[in-house]
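The values are calculated or read from the model by the stated rules, or taken from the named source; none is laboratory data. Owing to the predicted nature of the structure, the values given are computational and were not obtained by experimental measurement. Counting neighbours? That spans all protein chains shown, and the Cβs are built from the backbone with ideal geometry, glycine included. For accessibility, only protein heavy atoms count, side chains too; no ligands or nucleic acids. Shrake-Rupley method; radii C 1.70, N 1.55, O 1.52, S 1.80 Å.
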Amino acid sequence: MLASKRLTHGDISLRKLSRLDYPVLNRLLHEDREWLEPWEATTPGIRRALDVKWLVRSLISQSKEGFGVAFVIEYQGQVVGQLNVANILHGSVSSGTIGYWIAKDFAGRNITPTAVALAVDHLFSEVGLHRVEIDIRPENHASLRVVEKLGLRHEGTKLRYIHIDGAWRDHHVFAITQEELPGSMLRRL
């Protein structure tokens, strides 16, 4: 299900997440806590320290089981973020949900929209999905800009959908299906 090769466009690549990525992801996630924490899922009633080792193991396990796809985002060969596809369903649903984060120092360079475009193209052409969704908090203007650049359709709002930063948060739903994307998402960008 997961590409063994890199998915690349210019200086931007997606490649399969590996246990060897733990040190750099741990550093980035801890250095950028203030930047990333407002957007990260939490567990109601529990405040846990960030456990990046567990996160990496969990994402790799989900990939092996076919429920997810886990990538690191690279810019000029350097890991600068992560993109995950969760809730992958095949058959009559044939869909998945993309989530991503990027290090603060690399935001605003068109890296994230390109990474998402690479992922959508891969999910449609190689994984065989029919629909891809991205759920974004209404306050997350940077992520809203990503789906705007890519031309994803706004489907509505999921009220109190995900527990984030200590409360149940609304999320706008954006999606695209194969029929809406003749050709490549990269060309659309």
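Some points to look at:
- Neighbourhood net charge (9 Å Cβ-Cβ; Lys/Arg +1, Asp/Glu -1) for LYS104: -4
- When each of LYS5/LYS53; LYS53/LYS158; LYS16/LYS158; LYS53/LYS104; LYS5/LYS158; LYS53/LYS149 is checked by Cα-Cα distance, pairs over 26 Å: LYS53/LYS158; LYS16/LYS158; LYS5/LYS158; LYS53/LYS149
- On full extension, the segment bounded by LEU20 and ARG57 gains 12.2 nm, given 0.36 nm per residue less the C-alpha separation.
- Using 0.36 nm per residue and subtracting the Cα-Cα separation, the extra length available between HIS154 and ARG48 on full extension is 34.9 nm.
- Long-range amide H partners of HIS130 with built H, under 5 Å: SER95
- Site pair GLU34 and LEU186 shows an inter-label distance of 3.7 nm when each label is modelled 7 Å from Cα along Cα→Cβ.
- Kyte-Doolittle mean at least 0.0, axial Cα span of 24 Å or more - DSSP H helices of the chain: none
- Net charge of Cβ neighbours under 13 Å - reference ALA175; Lys, Arg +1; Asp, Glu -1: -2
- Where labels lie 7 Å past Cα in the beta-carbon direction, separation of SER92 and PHE67 in nm: 2.2 nm
- Centroid-to-centroid separation of segment 138-189 and segment 29-103 [C-alpha atoms, Å]: 16 Å
- Tensor-based shape of segment 57-150 (alpha-carbon gyration tensor, a/c under 1.5 rounded, otherwise prolate or oblate): prolate
- Percent carbon-and-sulfur accessible area, the chain, ignoring ligands, DNA and RNA, probe 1.4 Å: 50 percent
- Average accessible surface area per residue within the chain, 1.4 Å rolling probe, Å²: 52 Å²
- Gain on full stretching of the segment that runs from TRP168 to ASP11 - 0.36 nm per residue minus C-alpha separation: 52.8 nm
- Under-5 Å amide H pairs with HIS163, H placed in peptide plane, nonlocal only: THR42, ARG169
- Relative contact order %, segment 41-189, counting alpha carbon pairs below 8 Å whose residues are six or more apart: 21 percent
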